[in-house]
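What follows is a single structure, written as structure tokens, with notes after it.
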Amino acid sequence: MVTVMPESLLLAARLLQTAADQAEDETRTGRATYVTEADVKVLLWLCGSLVGAGRDLRSTSPAGQPLRVLLQEAETELRRFPIGDYPSGTLDLVVGLCDLIRDIRP
């Protein structure tokens, strides 16, 4: 049974939206690769599908934060509750976040 407040997933999705925007900007300026941008957008899509349609994913996170920091904040948010309290598919999201964080240079 899912007992997590939807705000936790929504906050993670908003952080991922900001990360996707940041990755897109970094790809244009050559600071990130298209693969990194695509990986972030896949995680955003997965998180968005868990949140559900019609949610505003605009973030209140300050612009210009490093991509790695935004991903770490999303991962930290998803670890606030036991993974079993989240909807099915959240484990894949957390694993994807951890893999991407590991692959991005500090």
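For the reader, a short list of remarks on this structure follows.
- Qualifying residue in the stretch 24-36 (condition: assigned to a helix (DSSP H, G or I), within 10 Å of the chain's Cα centre (by Cα) and of a type in the set (D, E)): no
- Long-range neighbours under 6 Å by Cβ, at least six apart or interchain, first residue at negative phi within the stretch 25-52, second of a type in the set (G, A, S) and surrounded by fewer than 17 Cβ atoms within 10 Å (Cβ to Cβ): L50/G89
- Of the residues making up the stretch 53-66, none is in a helix (DSSP H, G or I) and surrounded by 12 or more Cβ atoms within 10 Å (Cβ to Cβ).
- Where a residue in the stretch 79-96 is over 15 Å from L16 (Cα atoms) and its partner, wherever it lies, is part of a loop (DSSP other than H, G, I, E, B) and of a type in the set (S, T, Y), with Cβ under 7 Å and at least six apart: D85/T3
Only the coordinates and a few stated rules stand behind these numbers; no lab work does. Values in this document were obtained by computation on a predicted structure and should not be read as measured data. With ideal geometry, Cβ positions are generated from the backbone for all residues, glycine too; neighbour counts draw on all protein chains shown.
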